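Computed from the coordinates by the stated procedures, all read-outs in this text should not be read as laboratory data. For clarity, every value in this text was computed on a predicted model and none was experimentally measured. Cβ atoms come from the backbone with ideal geometry, glycine included; neighbour counts cover every protein chain shown.
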Amino acid sequence: MKRRTFLKNGSSMIALAGSAGLALPFISKFSKTANAQSIETLLPIPKLLENLDKSGETTTFDMDVRQGKVEFFRGKQTSTLGYNGNFLGPTIRVRNGQRFRLRLKNRLSEITTLHWHGLHVPAIWDGGPRQPISKGAEWKPEFMIKQEAATLWYHPHAMGITGSQVYRGLAGLFLIEDEVSDRLDIPKTYGVDDIPLVIQDRRFFKDGQFAYVQSMHDIINGVIGNYLLVNGALQSTLKIQSGLVRLRILNGSNSSIYRVSFSDNRSFQIIASDGGFLERPVKMNSILLSAGERSEVLVDFSDLKNLGGINLRVDQIQGKQFNAMQIRVGELNDAKYTIPAVLRQFDRIDESSSNRIRKFAMETMGGGMGMMGGRLTINGKRMDINRIDERIKAGTTEIWEISNRSGMMMSMPHSMHLHDVQFQILSRNGKPPKPHERGRKDTVLILPGQSVRIIIRFGEYKGVYMYHCHLLEHEDDGMMGQFEII
């Protein structure tokens, strides 16, 4: 698949041929290095952490960060990292209005953090690079859940090593439920008709180890893999028993951008983006997700019993096509659902309520020449933990105009993520966002040559948070800044 074909729904972008020409030969080095047969398996469903407080007012969980091993390829043990296991972590499910407590033990031989991606949380518990957890130490965050139902996630965010730790397996889903999600007549039985899908690509060396390397090419283009994992498994099969299924999709890759669809091009209803439900379902047959973005979709598979099965297809921006997993139908149960015409009333932020406009340019130092001209920056600056880049008054509303100014020789996409807040997209290059992008967001894809305007209502918590490119190799290289809510 050509990059232009892949990104045909993008607008006003610079051609991506430069970086594509570099990426594909490099990836081919690793295309057959694992030299082993992958193991076919049923799709693993991450364990669901249950509420330990019977009153329901407080939810308390225990987790540890540990080293592990996984046999992705027959006869080859890959060294991994995981939360409460060998690879990835459990799905945490909470409710709006609950008090959340966690006891986290770092059993690694290196420093780490645990960041709540998409969660409105006090700065001291944000889990960014300002809250390091030393090896052998414990971390005990405690805060109130104060936001609507959504599919969020958690992952490490230590300075300069986020990409390495996520690549080796540190990530998990964080689900919030509320009265609206309770009321909707949609699939909600976790692991049965409400299915989490953590999608990640990886490269492997001949001995089966992850091929996570730190060349300049990887810094500029991201570490792009030629094998695809779904919930930590290669070539898995999802067997379903319900005609209508809810898929919670996370692009958990380091830097890849995915177009997700089905092999028979069937349509589905998008019901939620990063920060929760859209106002109304949006019918599509593919969706583009950059690293860190999430989408919830409803898919009708009731006809699959006669078809035998179909594949979830994931196409990388770099050109690799994957049959990510097979979907098969077993004996259908009697569960009947309706696709709501309206999901929830949406509190749209009025542009006129903005107190200030800030501008952010994502570019490279030295004239935008990529590897030949310098490193990645925001507004010409690389991350400095001792510098506050923006100060924002609590309770105010701002518009941020974010432009991708990567140079013509190394035109590359970026993905801007803001900690603590959910925002709304106002426009892309002056045009309104597509319907599926009109919900709450915390991560937004910005293609080469694009300018995206977002509006943010900052909350009551005071302290220092991050904003950064969520292509993790870009983040680790310094494409990150700090804003302080005062």
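Odds and ends about this structure:
- 5 angstrom amide H check on H157, placed H, neighbours 5+ away: T113, L114, H115
- Highest-first arrangement of 262-274, 147-159, where packing means the average Cβ count within 10 Å: 147-159, 262-274
- Packing-based exposure ordering (other Cβ within 10 Å, fewest first) of E460, E179: E460, E179
- Theoretical FRET efficiency, 1/(1+(r/R0)^6), r = Cβ-Cβ of A341 and D303, R0 30 Å, to 0.05: 0.85
- For the range 455-465, 3J(HN,Hα) per residue [Karplus equation, 6.51 cos²θ - 1.76 cosθ + 1.60, θ = phi - 60°, Hz, x = Gly/Pro]: 10, 10, 9, 7, x, 8, 6, 9, x, 9, 10
- Under the Debye formula (equal points on every Cα, no solvent term), log10 I(q)/I(0) of the range 351-485 at q = 0.10, 0.13, 0.17 Å⁻¹: -0.31, -0.52, -0.89
- Electrostatic bookkeeping for A335 treats Lys and Arg as +1 and Asp and Glu as -1; over the other residues with beta carbon under 13 Å from its beta carbon, the sum is -3.
- Signed unit charges on C-beta, dipole axis of the chain, positive-most listed residue L234, L49, V213: V213
- Dipole check for the range 351-485: with +1 at the C-beta of Lys and Arg, -1 at the C-beta of Asp and Glu, and the Cα centre as origin, the magnitude is about 480 Debye.
- Sorted by Cβ density within 10 Å, fewest first, the residues L445, L278, L426, L42: L42, L426, L278, L445
- Per-residue Karplus couplings for the range 269-278, computed as 6.51 cos²θ - 1.76 cosθ + 1.60 with θ equal to phi - 60°, are listed in order as 10, 7, 10, 8, 10, 3, x, x, 5, 6 Hz, Gly and Pro entered as x.
- Gyration tensor analysis over the Cα atoms of the range 41-183 returns equivalent ellipsoid semi-axes of 26, 19, 13 Å (largest first, whole Å).
- Working ranking of peptides 238-244, 117-123 by packing, defined as the average number of other Cβ atoms within 10 Å per residue, highest first, is 117-123, 238-244.
- Fraction of antiparallel bridges per DSSP, the chain only, in percent to nearest 5: 70
- Taking the Cα centre of the range 112-188 as origin and assigning +1 to Lys and Arg Cβ atoms and -1 to Asp and Glu Cβ atoms, the resulting dipole is close to 480 debye.
- P(r) for the chain, from all Cα pairs and a bin width of 20 Å, is 25, 62, 14, 0 %, short bins first.
- Against the empirical 2.2 N^0.38 Å (N residues), the range 106-160 has a Cα radius of gyration ratio of 1.17.
- Filter on K283/K441; K135/K320; K283/K305; K135/K188; K47/K320; K239/K283 - keep pairs with C-alpha separation over 27 Å: K135/K320; K135/K188; K47/K320
- Under a 5 Å amide H cut-off, with hydrogens placed 1.01 Å from N, T58 pairs with R99 among residues at least 5 apart or on other chains.
- Around the amide H of K239, modelled in the peptide plane, lie the amide H atoms of L43, R328, all under 5 Å away and 5 or more residues distant in sequence or on another chain.
- Residue-wise HN-Hα coupling along the range 479-485, computed from phi with Karplus coefficients 6.51, -1.76, 1.60 (Hz; x: Gly, Pro): 7, 7, x, 10, 10, 10, 8
- Here the sum of -39500 (n - 2.57) over DSSP H runs of 4 or more residues, divided by the residues of the chain, equals -2000 deg cm²/dmol at 222 nm, to the nearest 500.
- Ordered by the number of other Cβ atoms lying within 10 Å of each residue's own Cβ, fewest first, T78, T60 fall into the sequence T60, T78.
- Dipole in debye (nearest 20) - the chain, about Cα centre, beta carbon charges: Lys, Arg +1; Asp, Glu -1: 940
- Share, in percent, of DSSP beta bridges within the range 41-183 that are antiparallel, nearest 5: 60
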